[in-house]
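Colleague: Quick one: structure below, then a few questions.
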Ligand code: M6R
């Protein structure tokens, strides 16, 4: 959560920072701010609200930092917006993460005479740097040594023509251009300027002046780094002709499923063999990625007759007693930065378990701590609601399940076919049909989604999608559980989306649909075949074991149009942020 960008170079910093911040807005959008330096003075502007839509007056200078916030400590106010400064107003700091010992540090600094003007944990960093009373770079290092928690910080000092970036647990990446340097929470922030990046690892800091110089926070010793070229295109991080990133990313599923299965077969088989020989395999993730992990339980059972465990990453600590050296933990994360996932992985590694990452963002924290990483190659996902990353993750998990069954080729053929079906499905007529159904739901307060087997986790995922982008209360259920309680919720006209593939769950699902109909529910069937019990039908292809992929896509589309029809900011839903880098 929170987006950071910093610039040192020969151009005016402000337009570069502004553009970068707009690209990072998906990380948090409660407030924003800038601090540039010019002729030895800091120039600061900050405000509550979203940067998109704000009219800004440029600040002077060719060095600066900027921030877009997702509030943790301190409400959404102008005062709490970053950057924060020290007592003298000559040190400015932007920060992502949480300083866990901020109360103790604030009390200590107040005793020493520092006065605070915000309710944030961030402001103590600026005062702590000031308190070190030594040269700026060393002061930042010493201050960082005193901070507890996971964070990324960028600091500047009026008169010092440099920036200092510190990373411990939250992402921070350096971009190197010709006579100019960038530092940001995520690569798209500077992608129009450079594709050459250098990764700061946890426990390190970087000094950006003419050349980036990396050091250990603890010892101050220099660290050697490589320059890496990223393959993402600046256009990938733009909306293009689409009104929202969410719909652009939904449409990109025409290609992303195909890209996800473009993997090294030997590596897939090696991990599949490791699953066979492991003392238990855990699939862990959060939110939508957790629903992919839950689907893995069904896929492995069905395709490879093998038991794997799904645990939400935030609950993983309770399972640590089951970890042995030959336990396998497969962590699924779009961003590779989700704090709960990283913490679970750290727990697993401490116990000697091997960690495999299924990730979208190259070079992310997860890829750096996992023993093996598979990139899903979906390209930047900017809408808060995950869509193309979800289906790419599902495809990769499916490949692993088929490989575990010794049927990798069969799995790949199925997924190639599925990618073709998705391509056919995402046509203008189909979009119109789903939009029409979404419009019928515009004034509904609730929506329920039911599924069985492979598509039970997709019913849960469908609920996340609808809730987060349209704010309609949505709940997913295992269809068989309906009569054990939730059916009490069904009233006349209440929308119930039933995911009904052409598999062994079909007949039982139709029985559940009839139970819903008998109570007046409005049934939207997501199915390859129409049924007289459906009030509305969203046709999906018969993708057999890949049915979760083709079933979730029309519900993503439905959620999108429902959000748009209800006037919601679908790309940036209230209270949410794309990467949840705090616990
Ligand atoms: O980056 P990650 O995949 O680790 O993110 C996990 C969740 O925060 C994410 O899936 C979240 O649930 C999305 N808003 C769902 O659309």
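Colleague: Considering only the chain, what is the antiparallel percent among its DSSP beta bridges, to the nearest 5? All intermediate terms of the calculation are to be shown ahead of the outcome.
Modeller: Values: 61 of 98 bridges.
Taking every DSSP beta bridge within the chain, about 60 percent pair in antiparallel fashion.
Colleague: What ranking do 534, 190, 456 get, fewest neighbouring Cβ atoms within 10 angstrom at the top? Before the final figure, lay out the partial values.
Modeller: Working: 534 20, 190 30, 456 26.
Fewest-to-most Cβ neighbours within 10 Å comes out as 534, 456, 190.
Colleague: Could you state the angle between the C-alpha long axis of helix 388-404 and the longest principal axis of the C-alpha atoms of the chain, as a value from 0 to 90 degrees rounded to the nearest 10?
Modeller: For helix 388-404, the angle is close to 60 degrees.
Colleague: For residue 11 paired with residue 583, estimate the spin-label separation in nm (one decimal), with each label point 7 Å from Cα along the Cα-to-Cβ line.
Modeller: 4.0 nm
Colleague: Run the numbers for residue 407 and residue 508: contour at 0.36 nm per residue of separation, minus the present Cα-Cα distance, in nm.
Modeller: 33.5 nm
Colleague: Moving on to the next point. Apply the a/c threshold of 1.5 to the C-alpha gyration tensor of region 118-227 and tell me whether it is rounded, prolate or oblate. Each step should come with its number before you reach the end.
Modeller: Values: a/c = 1.59, a/b = 1.53, b/c = 1.04.
Since a/c reaches 1.5 and a/b is larger than b/c, the shape of region 118-227 is classed as prolate.
Colleague: Right, next: Going by the alpha-carbon gyration tensor, a ≥ b ≥ c the square roots of its eigenvalues, is region 27-178 rounded (a/c under 1.5) or, if a/c is not under 1.5, prolate (a/b greater than b/c) versus oblate?
Modeller: Numbers: a/c = 1.37, a/b = 1.15, b/c = 1.20.
Because its axes are fairly even, with a/c under 1.5, region 27-178 counts as rounded.
Colleague: Right, another one. Using Cα atoms only, what is the angle between the long axis of helix 265-277 and the major principal axis of the chain, expressed in degrees (0 to 90) to the nearest 10?
Modeller: That helix lies at roughly 80 degrees to the long axis.
Colleague: How much length would be gained if the chain were fully extended between residue 55 and residue 270, taking 0.36 nm per residue of separation minus their Cα-Cα distance, in nm to one decimal?
Modeller: Numbers: separation 215, 0.36 × 215 = 77.40 nm, distance 5.37 nm.
Between residue 55 and residue 270, full extension yields an extra 72.0 nm.
Colleague: Say R0 is 35 Å: what FRET efficiency, to the nearest 0.05, do residue 320 and residue 442 get from their beta-carbon distance? Before the final figure, lay out each step's value.
Modeller: Working: r = 46 Å, r/R0 = 1.30.
Once rounded, the FRET efficiency stands at 0.15.
Colleague: Taking the Cβ of each residue in 51, 466 as the centre, tally the other Cβ atoms inside 10 Å and list the residues starting with the fewest. Working shown, then result.
Modeller: Numbers: 51 21, 466 31.
With the fewest neighbours first, 51, 466 line up as 51, 466.
Colleague: Here's something else I'd like to know. Give the angle, between 0 and 90 degrees and rounded to the nearest 10, that separates the Cα long axis of helix 136-146 from the longest principal axis of the Cα atoms of the chain.
Modeller: On a 0 to 90 degree scale, this one is about 50.
Colleague: If I stretch the segment between residue 427 and residue 471 completely, what's the gain in nm (0.36 nm per residue apart, minus their alpha carbon distance), one decimal?
Modeller: Extra length from residue 427 to residue 471 when fully extended: 13.2 nm.
Colleague: Obtain the nm distance between the two label points defined at residue 535 and residue 221 by a simple spin-label model: each point lies 7 Å from its Cα along the Cα-to-C-beta direction.
Modeller: So the label points at residue 535 and residue 221 sit 6.8 nm apart.
Colleague: Can I ask one more? Cut-off is 10 Å between beta-carbons; in what order do 94, 230 appear when sorted fewest neighbours first?
Modeller: On the way: 94 32, 230 16.
Going from least to most buried by this count: 230, 94.
Colleague: Take the alpha-carbon centre of region 199-223, take the same for region 374-435, and report the distance between them in whole Å.
Modeller: So the separation of the two Cα centres works out to 39 Å.
Colleague: When a/c reaches 1.5 or more, the comparison of a/b and b/c decides; with that in mind, is the chain rounded, prolate or oblate per its Cα gyration tensor?
Modeller: Numbers: a/c = 2.04, a/b = 1.66, b/c = 1.22.
Prolate.
Colleague: Going 7 Å from the Cα of residue 302 along its beta-carbon direction, which residues of region 511-552 have the amide nitrogen within less than 11 Å of the resulting point?
Modeller: 543-551
A short reminder: the numbers here are calculations on the coordinates, not readings from a lab. Bear in mind the structure is a predicted one, so any value in this text is a computation, not a measurement. Positions of Cβ are backbone-derived with ideal geometry, glycine not excepted, and every protein chain shown enters the neighbour counts.
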